[in-house]
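Participant: Please see the structure below; I have some questions.
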Amino acid sequence: MKRLFAILALVGAFGLATPAWSEDAPATPTTSTAVAAPAATATPVATAAVAAPAAAVAPVDTVNKGDNAWLMVASALVILMSIPGLALFYGGLVRSKNMLSVLIQVLVVFSLATILWVAYGYSMAFTEGNAFFGSLSKAFLKGVTPDSIAATFNKGIGVSELIYVAFQGAFAAITCCLILGAFAERIRFSAVLLFMVFWFTLSYVPMAHMVWYWTGPDAYTSAAAADAANATAGWLFQHGALDFAGGTVVHINAAVAGLVGAYFVGKRVGFGRESMAPHSLTMTMIGASLLWFGWFGFNAGSALEANGTSALAFVNTWVATAAATLTWTMAEWALKGKPSMLGAASGAVAGLVAITPACGYVGVMGGMVIGALAGVVCLWGVHGLKRLLNVDDSLDVFGVHGVGGMLGAILTGVFASPDLGGVGIWDYVANAASPEYSIAAQVKIQAIGVITTIVWSGLVSIVGFFIIDKLVGLRVPVEAEREGLDLTSHGERAYNN
């Protein structure tokens with residue numbers, strides 16, 4: 001245990017030291033000024049790809065209490081998605097002897113990511129540094145006070161920076177938890193914690209900065225000012241990548257890490273020969289329902305305001321998920337002869353994943369199409385693609401979150417087009433919708449975002465798992481795996497007769 005604590009301290013120190021070259025970079029303004037917002041992206045010219053119209057042009061000097069209240073509720077909903085939502089969804093899918101191991105992994109990883117976010121994650125993700133990392137100017141929330149204001153996507157409208165920190169921190173925490181399903185039932189608890197520190201620091205934080213960091217809409221006062229503001233934004237933001245609530249940052253990022261982990265940890269003992277059926281689909285259904293409920297905060301909250309854009313994201317989250325549930329169920333029914341509860345729940349999650357990057361940019365019919373396609377494509381992802389990859393991704397993290405995230409990210413570029421009912425791109429200099437939108441050009445940008453996420457997360461994950469395997473070992477002994485991680489790793493049983 002002392003060795004684990006020492007290694008965790010070293011990795012944490014490494015994380016704090018990583019962006020030292022940018023530590024003296026200017027920080028995003030805090031008190032009574034705008035800070036970075038999560039779901040907007042900017043084109044390389046003077047526009048930002050945000051659905052909401054700008055209602056005012058005055059500098060942000062006060063918060064909107066209604067938006068503040070909504071973001072508090074949305075943050076709580078995102079936390080609900082992880083604990084208990086994701087914990088129960090994953091817990092029901094494993095065998096009973098490993099139920100508690102999944103629950104404690106989700107709970108502790110969520111808590112670990114939360115502390116890392118406050119310590120340095122928020123600062124590295126949402127302050128100005130370079131195109132890939134911010135600075136440490138807000139480490140441990142230095143300078144973030146009850147009076148600090150974060151920008152939204154409308155000029156002159158802000159929310160309290162503290163609740164913005166919490167909202168983004170909940171995103172970071174659940175992303176780390178998603179990875180756990182790929183190598184459930186056979187990984188060491190110490191290896192999980194060490195990997196999460198490494199991956200959070202070098203994959204989640206820079207991806208969040210690359211996609212979501214900008215200086216806020218009030219900086220876009222002229223074409224020259226817009227160019228200057230874009231130059232300080234994250235790398236994918238500068239290229240105009242659209243990701244409303246985390247298709248790249250959350251789902252593809254986590255799925256690639258999970259896939260790499262599944263290869264490194266190896267297949268479960270008896271995989272392909274013994275039954276590894278879920279021990280409680282009742283728990284899985286409850287977890288899926290809580291995920292759907294909490295996802296409204298995840299997606300609609302990413303508008304940062306209680307306005308028409310948040311309403312659009314809310315409705316798209318509702319409709320796309322329903323469509324994916326139906327298409328997965330019907331396709332499975334046709335292929336296997338019977339519709340399953342597991343299939344319906346998996347379809348719902350696939351729809352939630354696929355609509356995430358698109359929810360505030362596409363019309364309701366576009367959202368319905370994205371959801372319907374996700375149900376069928378992700379069904380193939382957890383069966384056909386999984387066999388092609390020859391991997392034991394225990395809970396189909398890559399098949400659902402990876403495939404669904406890629407599908408949603410690419411289709412965002414298609415259905416954001418005003419010709420297909422989308423909202424297009426907002427020009428913050430003109431305070432009007434841009435009259436031009438090219439589906440081909442935007443899809444190309446979306447593809448760049450997807451590829452960047454795959455390569456970045458893949459490389460970080462390979463290095464991370466390799467190092468941690470050498471330090472503490474990734475896998476529990478065979479005897480411990482056969483007995484179950486609940487007893488051998490945690491000394492408890494989920495169910496006592």
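The values are calculated or read from the model by the stated rules, or taken from the named source; none is laboratory data. Because the structure is predicted, anything quoted here is derived from the model rather than measured. Methodologically, a virtual Cβ is constructed for each residue, glycine included, from the backbone with ideal geometry; neighbour enumeration extends over all protein chains shown.
Participant: What number of residues in segment 445-488 are surrounded by fewer than 21 Cβ atoms within 10 Å (Cβ to Cβ) and polar (S, T, N, Q)?
Facilitator: Qualifying residue count for the region: 2.
Participant: A follow-up question, please. Collect the residues in segment 222-235 that are closer than 18 Å to Ala150 by Cα and not in a helix (DSSP H, G or I), keeping them in residue-number order.
Facilitator: Going through segment 222-235, the residues closer than 18 Å to Ala150 by Cα turn out to be 229-230, 232-234.
Hits for segment 222-235 are Thr232, Ala233, Gly234.
Participant: Go through segment 224-275 and give me each residue that's more than 18 Å from Phe132 (Cβ to Cβ) and of a type in the set (Ser, Thr, Tyr).
Facilitator: Tyr263, Ser275
Participant: Still on this structure, please answer the following. Mind checking whether some residue in segment 172-194 is more than 26 Å from Leu474 (Cα to Cα), basic (Lys, Arg) and in a loop (DSSP other than H, G, I, E, B)?
Facilitator: Just the residues of segment 172-194 that are more than 26 Å from Leu474 (Cα to Cα), to begin with: none.
For segment 172-194, residues more than 26 Å from Leu474 (Cα to Cα), basic (Lys, Arg) and in a loop (DSSP other than H, G, I, E, B): absent.
Participant: Still on this model: Does Ala358 satisfy the condition of being part of a helix (DSSP H, G or I) and not polar (S, T, N, Q)? Even if it seems obvious, please write down each step before you answer.
Facilitator: Working: part of a helix (DSSP H, G or I): no; not polar (S, T, N, Q): yes.
No; evaluated as a whole, the condition is false for this residue.
Participant: Moving to a separate point now. Where residues in segment 380-412 are farther than 29 Å from Ser310 by Cα, in a helix (DSSP H, G or I) and aliphatic (A, V, I, L, M), which of them is farthest from the chain's Cα centre (by Cα)?
Facilitator: Step by step, filter segment 380-412, then rank; the result is Leu388.
Participant: Out of all the residues in segment 107-137, which are over 17 Å from Phe200 (Cα atoms) and either not hydroxyl-bearing (Ser, Thr, Tyr) or not in a loop (DSSP other than H, G, I, E, B) (or both)?
Facilitator: Within segment 107-137, Glu128, Gly129, Asn130, Ala131 qualify.
Participant: On the given criteria, is Arg273 free of Cβ contacts under 8 Å to residues at least 60 places away in the same chain, over 30 Å from Gly216 (Cα atoms) and not acidic (Asp, Glu)?
Facilitator: Taking the combined requirement at face value, the residue satisfies it.
Participant: Determine if segment 230-248 includes at least one residue that is without any contact (Cβ under 8 Å) to a residue 24 or more places away in the chain and either of a type outside the set (A, V, I, L, M, F, W, C) or surrounded by fewer than 24 Cβ atoms within 10 Å (Cβ to Cβ) (or both).
Facilitator: So the first thing to find is which residues in segment 230-248 are without any contact (Cβ under 8 Å) to a residue 24 or more places away in the chain, and the list is 231.
Next, only the ones that are either of a type outside the set (A, V, I, L, M, F, W, C) or surrounded by fewer than 24 Cβ atoms within 10 Å (Cβ to Cβ) (or both) stay: 231.
Yes, segment 230-248 contains a residue that is without any contact (Cβ under 8 Å) to a residue 24 or more places away in the chain and either of a type outside the set (A, V, I, L, M, F, W, C) or surrounded by fewer than 24 Cβ atoms within 10 Å (Cβ to Cβ) (or both).
Participant: Then there is this: Take segment 121-142 and flag every residue that is surrounded by fewer than 24 Cβ atoms within 10 Å (Cβ to Cβ) and within 17 Å of Ala170 (Cβ to Cβ).
Facilitator: Of everything in segment 121-142, just one residue is surrounded by fewer than 24 Cβ atoms within 10 Å (Cβ to Cβ) and within 17 Å of Ala170 (Cβ to Cβ), namely Leu141.
Participant: Ok, one more. For the structure I just gave you, tell me whether Leu411 is over 26 Å from Tyr90 (Cα atoms), modelled with pLDDT of 95 or more, surrounded by 17 or more Cβ atoms within 10 Å (Cβ to Cβ) and in contact with a helix residue (DSSP H, G or I) (Cβ under 9 Å, 6 or more places away or on another chain).
Facilitator: For Leu411, the condition - over 26 Å from Tyr90 (Cα atoms), modelled with pLDDT of 95 or more, surrounded by 17 or more Cβ atoms within 10 Å (Cβ to Cβ) and in contact with a helix residue (DSSP H, G or I) (Cβ under 9 Å, 6 or more places away or on another chain) - is met.
Participant: Restricting the search to segment 423-444, which residues are surrounded by fewer than 24 Cβ atoms within 10 Å (Cβ to Cβ) and either part of a helix (DSSP H, G or I) or small (Gly, Ala, Ser) (or both)?
Facilitator: The answer is Gly424, Ala430, Ala432, Ala433, Ser434, Ser438, Ile439, Ala440, Ala441, Val443, Lys444.
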